[in-house]
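The values are calculated or read from the model by the stated rules, or taken from the named source; none is laboratory data. Bear in mind the structure is a predicted one, so any value in this text is a computation, not a measurement. No Cβ is skipped: glycine too gets one built from the backbone with ideal geometry, and neighbour counts run over all protein chains shown.
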Amino acid sequence: MRIFDPHIHMTSRTTGDYEAMYAAGVRAVVEPSFWLGQPRTSPDSFVDYFDSLLGWEPFRAAQHGIAHHCTLALNPKEANDPRCGPVLDLLPRYLAKDGVVAVGEIGYDMMTPAEDHALAAQLQLAADHDLPALVHTPHRDKAAGLRRTLDVLRESAVPPEHVVLDHLNETTVGAAAASGCWLGFSIYPDTKMDPHRMVAVLQEYGVERVLVNSAADWGRSDPLSTRWVGEAMLAAGFAEEDVDQVLWRNPVDFFGASGRLDLVAGVRGDTHEGNSIVRGGV
């Protein structure tokens, strides 16, 4: 089973997670930029964070045979902090870099005017850079959040086939499917989907335009949850071809629209900018 996790926050995970993911079949990941838990007080902290997603994290992943890509954005939660607003002016130079395969996560958290502005501005950046968009649907009041998201998307220059609506569930999948966008599902304990619910959605809606991710981060989450979906699909009678489409070919197709996807994960030397991942090393 080959797996491409299209939404996982490896900055929050250990090298042991990379080892376990490789053993489970994960060969590629996309890491969206997100809220780190501690409020950031300056755009300069985003610069360091974006640089790590383009440098250190691909280096660390490559040590374990995993191709790492990222999506960059001002995330919805921090769009409400005026100290972070200037990040929108920094993004164009980062969105031009290899390794950036979409603009994201963008979307809504509390559905504020500041989030409206950030979403519309970053959809325009996606159009300007001919990149897909990874859109975060809110964790609260999901149906209303999706409706508002779709209204903004319809007014943007980004076509639906270049948008994935993430964190969907049974209450939002129908409207999302009707929009023509890709459908993203996070397999995340307690607060999002689980493997068996995901299988039920796949049985009803099929395997086309579906991305399944772990969204694993610093919370209670599982970087192997994509594997558990594959196993649950097989147990429910899906063919291996269906599993491969959901867990590999679909994310390759979606992020391949960026023209920047490189699935060859070579070991990038022993050090990154003079630093080793080995404790006690350089």
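Could you pull out the residue among LEU153, LEU72 that is out of contact with any Lys or Arg (no Cβ under 6 Å at 6 or more places or on another chain), modelled with pLDDT of 95 or more and closer than 18 Å to VAL47 by Cβ? Break it down stepwise before answering.
Values: LEU153 fails: closer than 18 Å to VAL47 by Cβ.
The match here is LEU72.
So, of the residues in the range 105-135 that are at positive phi and crowded, with 16+ Cβ neighbours inside 10 Å, which turns out to be nearest to the chain's Cα centre (by Cα)?
Filtering the range 105-135 down to residues at positive phi leaves 107, 111, 130.
Next, from what is left, pick out any that are crowded, with 16+ Cβ neighbours inside 10 Å: 107, 111.
Details: GLY107: 13, MET111: 20 Å.
Filtering the range 105-135 for residues that are at positive phi and crowded, with 16+ Cβ neighbours inside 10 Å, the one nearest to the chain's Cα centre (by Cα) comes out as GLY107.
Residues in the range 216-238: is at least one of a type in the set (D, E, K, R), modelled with pLDDT of 95 or more, part of a loop (DSSP other than H, G, I, E, B) and crowded, with 19+ Cβ neighbours inside 10 Å?
no
Which of the residues belonging to the range 180-202 are of a type in the set (S, T, N, Q) and surrounded by fewer than 17 Cβ atoms within 10 Å (Cβ to Cβ)?
The first filter runs over the range 180-202 and keeps only residues of a type in the set (S, T, N, Q), leaving 186, 191.
Passing the criteria: only THR191.
Would you call ASP116 more than 21 Å from VAL210 (Cα to Cα), modelled with pLDDT under 95 and not hydrophobic (A, V, I, L, M, F, W, C)?
On the way: more than 21 Å from VAL210 (Cα to Cα): yes; modelled with pLDDT under 95: no; not hydrophobic (A, V, I, L, M, F, W, C): yes.
No.
Among the numbered conditions (1) modelled with pLDDT under 95; (2) under 14 Å from the mean Cα position of the chain (by Cα), tell me where ALA102 comes up short.
Here ALA102 meets the rest and fails (1).
Filter the range 11-49 for residues that are part of a loop (DSSP other than H, G, I, E, B) and over 26 Å from ILE106 (Cα atoms) and give the result. Give the steps one after another, and end with the answer.
Going residue by residue through the range 11-49, those that are part of a loop (DSSP other than H, G, I, E, B) are 13-14, 25, 33-42.
Answer for the range 11-49, where residues must be part of a loop (DSSP other than H, G, I, E, B) and over 26 Å from ILE106 (Cα atoms): just GLY25.
What are the residues in the range 4-31 that are surrounded by fewer than 23 Cβ atoms within 10 Å (Cβ to Cβ) and more than 16 Å from GLN63 (Cβ to Cβ), if any? Break it down into steps so the answer makes sense when it comes.
Let us first name the residues in the range 4-31 that are surrounded by fewer than 23 Cβ atoms within 10 Å (Cβ to Cβ), namely 11-17, 19-20, 22-25, 27.
Across the range 4-31, the qualifying residues are SER12, ALA24, GLY25.
Would you mind telling me which numbered condition in (1) buried (at least 24 other Cβ atoms within 10 Å of the Cβ); (2) under 14 Å from VAL30 (Cα atoms) GLU57 fails?
(1)
State which residue is surrounded by the most Cβ atoms within 10 Å (Cβ to Cβ) when the search covers only the range 66-104 and only residues that are of a type in the set (D, E, K, R) and in a helix (DSSP H, G or I).
As a first pass, look at the range 66-104 and keep what is of a type in the set (D, E, K, R): 77-78, 81, 83, 89, 93, 97-98.
Narrowing the set further to residues that are in a helix (DSSP H, G or I) leaves 78, 83, 89, 93.
Values: GLU78: 22, ARG83: 13, ASP89: 10, ARG93: 10.
The extreme case among them is GLU78.
Taking LEU168 as the residue in question, decide whether it is in contact with a Phe, Trp or Tyr (Cβ under 8 Å, 6 or more places away or on another chain), part of a loop (DSSP other than H, G, I, E, B), crowded, with 23+ Cβ neighbours inside 10 Å and of a type in the set (A, V, I, L, M). Spell out the reasoning first.
Working: in contact with a Phe, Trp or Tyr (Cβ under 8 Å, 6 or more places away or on another chain): yes; part of a loop (DSSP other than H, G, I, E, B): yes; crowded, with 23+ Cβ neighbours inside 10 Å: yes; of a type in the set (A, V, I, L, M): yes.
Judged against the criteria, LEU168 is a match.
Among the listed residues ASN250, ASN213, identify the single one that is buried (at least 17 other Cβ atoms within 10 Å of the Cβ), out of contact with any Leu (no Cβ under 8 Å at 6 or more places or on another chain) and touching a residue at least 40 places away in the same chain (Cβ under 8 Å).
Numbers: ASN250 fails: out of contact with any Leu (no Cβ under 8 Å at 6 or more places or on another chain).
Criteria check complete, one pass: ASN213.
Inside the range 120-160, can you point out the residues that are of a type outside the set (Lys, Arg), within 28 Å of ARG197 (Cβ to Cβ), without any contact (Cβ under 8 Å) to a residue 40 or more places away in the chain and outside any strand (DSSP E or B)?
Answer for the range 120-160, where residues must be of a type outside the set (Lys, Arg), within 28 Å of ARG197 (Cβ to Cβ), without any contact (Cβ under 8 Å) to a residue 40 or more places away in the chain and outside any strand (DSSP E or B): THR137, ASP141, ALA143, ALA144, GLY145, LEU146, LEU150, ASP151, VAL152, LEU153, PRO160.
Mind checking which residues of the range 1-29 are over 17 Å from the mean Cα position of the chain (by Cα) and aliphatic (A, V, I, L, M)?
Within the range 1-29, MET1, ALA20, ALA23, ALA24 qualify.
Please give the number of the condition PHE34 fails out of (1) crowded, with 23+ Cβ neighbours inside 10 Å; (2) hydrophobic (A, V, I, L, M, F, W, C); (3) in contact with a Gly (Cβ under 6 Å, 6 or more places away or on another chain).
Result: PHE34 fails condition (3) only.
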